[in-house]
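The values are calculated or read from the model by the stated rules, or taken from the named source; none is laboratory data. None of these values were measured; they are calculated from a predicted model. Cβ atoms come from the backbone with ideal geometry, glycine included; neighbour counts cover every protein chain shown. These area figures cover heavy atoms from the full protein model, side chains too; ligands, DNA and RNA do not enter into them. Shrake-Rupley method; radii C 1.70, N 1.55, O 1.52, S 1.80 Å.
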Amino acid sequence: MDQIELTALAVNKKIISPEEGAKILWELIYTQKERFSLTSLSYDSLMDFLVYLHSRFIKMLEVYNPADGTFLAFLHSNIRNSLITWKKFSTRKNVSEESCLGVMEIEYDSEAYKYSCCESSLKPFVNEENHSIEEMKEEWRKRICSKKRKPDLKKEEKLQRDALLILALKSCYNITDELIEKVSFVTQTSRNVLEDMISEAKNSISSKITRRIMCTRARDNAFFYHRKYSLEIPRIRKHSNWAEHLAARYEKHTRMWELANQKLLKSHRMLVPSTKTVASILGMSVRHCEYVMKRVQTDVDKIKLKWYPREHENLPCQRKH
């Protein structure tokens, strides 16, 4: 007697549970898809269809009565009807996902920062209160009209200007037009000149961008199969050859996913031009560029415009106590 018929009879006589019988049917249909006219489905589509059918297998085994006919004919009829329904459902789902792609999010198993924050790099100063360029210009005019600046204040201004230009070039991949305008005003650098420098810095990391895109695609692809096999394995009969095969593939893609995440977090994968390149574009020595970066890391307030509650104290310089 056919194994499918034996499985149905075993469930009917309560030798095995409907869940166990469904796993046997799941594996038989996957390995003998020609028998059920499913050869037109690709590997991924067949797996998705079988996942869709799993709950129906349990219901079919529960309601099957041997006196009504063979289970194979009953199974064939249900698979044919379910295939039509599944194709309609899949088509509607794909159209819905495409139209809502901008607002849908995937629930990842790993920490969110590995997907959202690893693309970030150093950015030039953005004031916490997000003052407009007009406000900045007004404050700058107040500063120009204030008392004569002292030599130590001029040094701080030069440090601020160099730091802002360095950070703007370091952030060439992410910098926005609004930030470019602010940096251009504060550093007294022509916007066209600044945009040319940023473009040159971005061109210097073109190979980094390509490598990061490839690494990101590999990460996403590995994660897709990691999730896919994690959903398929519980539906397969344990200790079967197919279960071992899926477990091996699951471990392989999980390792690839974790390795890609680790690569994306390494400094050489960040989309930031080298200090040597930035120094060359700005016409300063590498040593001076490193010195400015070190000063900024130890005291970021050195490059911030100070904004105090009282109007006459809103001067873009260090406040003296």
*Carbon plus sulfur fraction of accessible area for segment 15-96, probe 1.4 Å, in percent*: 54 percent
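Carbon and sulfur: what percent of segment 188-297's accessible surface (1.4 Å probe)?
Summing carbon and sulfur atoms, their accessible area is 52 percent of the total for segment 188-297.
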*asked:* If you average the C-alpha positions of segment 154-176 and of segment 190-257 separately, how far apart do those two centres end up, in angstrom?
replied: 33 Å
*Take Lys14, project a point 7 Å from its Cα along the Cβ direction, then tell me which residues of segment 55-86 have their backbone nitrogen under 16 Å from it.*
62-64
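How much length is gained on full extension from Gln3 to Phe224, taking 0.36 nm per residue of separation minus their Cα-Cα distance? Display every interim value, and only then the final one.
Details: separation 221, 0.36 × 221 = 79.56 nm, distance 3.35 nm.
Length gained between Gln3 and Phe224: 76.2 nm.
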_Efficiency of FRET from Cβ geometry, Asn241 and Lys266, R₀ 56 Å, rounded to 0.05_ = 0.90
*What is the gain in length, in nm to one decimal, between Glu62 and Met214 on full extension, counting 0.36 nm per residue of separation less the C-alpha to C-alpha distance?*
49.9 nm
*For segment 151-207, what is the accessible area per residue in Å², given a 1.4 Å probe and the full set of protein chains?*
47 Å²
*Using a basic spin-label model with each label point 7 Å from the Cα along Cα→Cβ, how many nm lie between Ser285 and Ser206?*
3.2 nm
